1. Anything in segment 23-46 that is in a helix (DSSP H, G or I) and open to solvent by 80 Å² or more (accessible area, probe 1.4 Å)? List them, or say none.
2. Looking at Val81, Val95, can you tell me which residue is within 13 Å of the ligand (Cβ to nearest atom), outside any helix (DSSP H, G or I) and crowded, with 22+ Cβ neighbours inside 10 Å?
3. Here are the criteria: (1) surrounded by fewer than 19 Cβ atoms within 10 Å (Cβ to Cβ); (2) not in a loop (DSSP other than H, G, I, E, B). Tell me which single one Pro87 does not satisfy.
4. Identify, by number, the condition in (1) in the same structural domain as Lys56 (by TED's automatic domain parsing); (2) within 17 Å of Glu57 (Cα to Cα) that Ala259 doesn't meet.
5. Between a residue in segment 117-143 that is assigned by TED's automatic domain parsing to the domain that holds Asp181 and any residue that is assigned to a loop (DSSP other than H, G, I, E, B) and of a type in the set (Asp, Glu), which pairs come within a Cβ distance under 8 Å, given they are 6 or more apart or on different chains?
6. When segment 47-78 is examined, which residues are found to be within 16 Å of the ligand (Cβ to nearest atom) and of a type in the set (A, V, I, L, M, F, W, C)?
7. Does segment 106-165 hold any residues that are of a type in the set (Ser, Thr, Tyr), part of a loop (DSSP other than H, G, I, E, B) and within 15 Å of the ligand (Cβ to nearest atom), and which are they?
Amino acid sequence: MKHNFGAGPGILPHEVLKQAAEAVIDLNGIGLSILEISHRSSEFEAVLNEAVSLVKELFNVPEGYSVLFLQGGASTQFAMVPYNLLPTDGKAAYVESGVWANKALKEAKYFGNVEVIATAKEANFKHIPKDFTVPADAAYLHLTSNNTIYGTQLHEFPKSPVPVICDMSSDIFSREINVADFGVIYAGAQKNMGPAGTTLVIIKDDILGKVDRKIPAMFNYQTQIEGGSMYNTPPCFAIYVSMLTLRWLKAKGGVAAIAKENDAKAKALYEEIDRNPLFTGVCVPEDRSKMNVCFVPVNPEHEKPFLKLAEEKGIVGIKGHRSAGGFRASIYNALPITSVHVLIEAMQEFAEKNKA
Ligand SMILES: *Cc1c(COP(=O)(O)O)cnc(C)c1O
């Protein structure tokens, strides 16, 4: 088995993969595959209902919120959010904390005015921009909780006088949050909660209905809520595997328990990065992500040989994003701490071999 540090689609628990493989042949012994049953069948209805209740349970979702499993990835949410929430003559506040935030705000410009209230672009997104005030007349504030490419994370959410919309694609279910603080939470499943193909949306029902424009059915949150994520054929298999992953998370003790493990994994890896003379961290320490750990070799010529050594140890997916370079170790929920230890040992072995 490989040690999968890939940024996305990311690692899934091995037992989830085994169950998913079985269900491809025969779902719960019904003699049919999960891939060939009607989305209106009682079997699939049970899958979707369980997925929704697991989200509600794991995140303590309060009354007044809907949980949706949609398609089109987080990138479709970049447009759906302003389509449904930004009046043509209104404005929305965006914090530009990375490339994904930038893509989100570009989409919003199709629908209304966008105010970028803070950016870390000049600093190449090595920190989270924090010095801003949220305009009280904005329709909403858009945040990205974890910047997958740069390895920064919002450890504390800012107070906001307007509804907070948050892209949590790469740290959903990695730590406890208070859903009541948000108007919309969205996340492409493929980083930390399932396979590619479905996007989780948790939406406060009463933030809808405030724009006048006509919205096509598939892009309309109201239609999706009324259809219970089944206005059209939902991505049945992606929802099924997400449900299995959420079940796995619950069995592990839920979000509080996984957050502890995530803390331990991140602490061990950052400690090695700070201790090892051959590597150095990329981001401002206080904003370091507990999901995507970005680091570079002090000597750029060490990049290739370290990747080679890592490969020999079964470590995959640590090459940094093409726009960031260096290394990125994604240590999502399903990655066991033993894999982190293998990476740390490889770094130590590399330092020993390349001693000055
Ligand atoms: C990967 C990612 C996206 C894009 O997700 P898609 O599902 O591919 O559209 C958006 N935001 C963040 C923070 C991401 O990590």
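The values are calculated or read from the model by the stated rules, or taken from the named source; none is laboratory data. All values reported here derive from a predicted model rather than from experimental measurement. Glycine also receives a Cβ, built like all others from the backbone with ideal geometry; neighbour counts cover every protein chain displayed. Accessible surface areas use protein heavy atoms only, side chains included; no ligands, DNA or RNA. Shrake-Rupley method; radii C 1.70, N 1.55, O 1.52, S 1.80 Å.
1. Going residue by residue through segment 23-46, those that are in a helix (DSSP H, G or I) are 23-25, 42-46.
Matches in segment 23-46: Ile25, Ser42, Glu45.
2. Details: Val81 fails: outside any helix (DSSP H, G or I).
After ruling out the rest, the residue left standing is Val95.
3. Against the list (1) surrounded by fewer than 19 Cβ atoms within 10 Å (Cβ to Cβ); (2) not in a loop (DSSP other than H, G, I, E, B), Pro87 comes up short only on (2).
4. That leaves (1) as the condition not met.
5. Ala118/Asp131
6. Step one: of segment 47-78, the residues within 16 Å of the ligand (Cβ to nearest atom) are 68-78.
The answer is Leu68, Phe69, Leu70, Ala74, Phe78.
7. Applying the first criterion (of a type in the set (Ser, Thr, Tyr)) to segment 106-165 yields 110, 119, 133, 140, 144-145, 148, 150, 152, 160.
Next cut, part of a loop (DSSP other than H, G, I, E, B) only: 110, 133, 140, 145, 148, 150, 160.
If the condition is that a residue be of a type in the set (Ser, Thr, Tyr), part of a loop (DSSP other than H, G, I, E, B) and within 15 Å of the ligand (Cβ to nearest atom), then Ser145, Thr148, Tyr150 are the ones that fit.
Okay, residues lined up against (1) of a type in the set (Gly, Ala, Ser); (2) in the same structural domain as Ile177 (by TED's automatic domain parsing); (3) closer than 30 Å to Asp206 by Cβ:
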{"site": "Ile25", "(1), (2), (3)": "no, yes, no"}
{"site": "Ile34", "(1), (2), (3)": "no, yes, no"}
{"site": "Ile37", "(1), (2), (3)": "no, yes, no"}
{"site": "Ser41", "(1), (2), (3)": "yes, yes, no"}
{"site": "Glu50", "(1), (2), (3)": "no, yes, yes"}
{"site": "Pro62", "(1), (2), (3)": "no, yes, yes"}
{"site": "Tyr65", "(1), (2), (3)": "no, yes, yes"}
{"site": "Ala79", "(1), (2), (3)": "yes, yes, yes"}
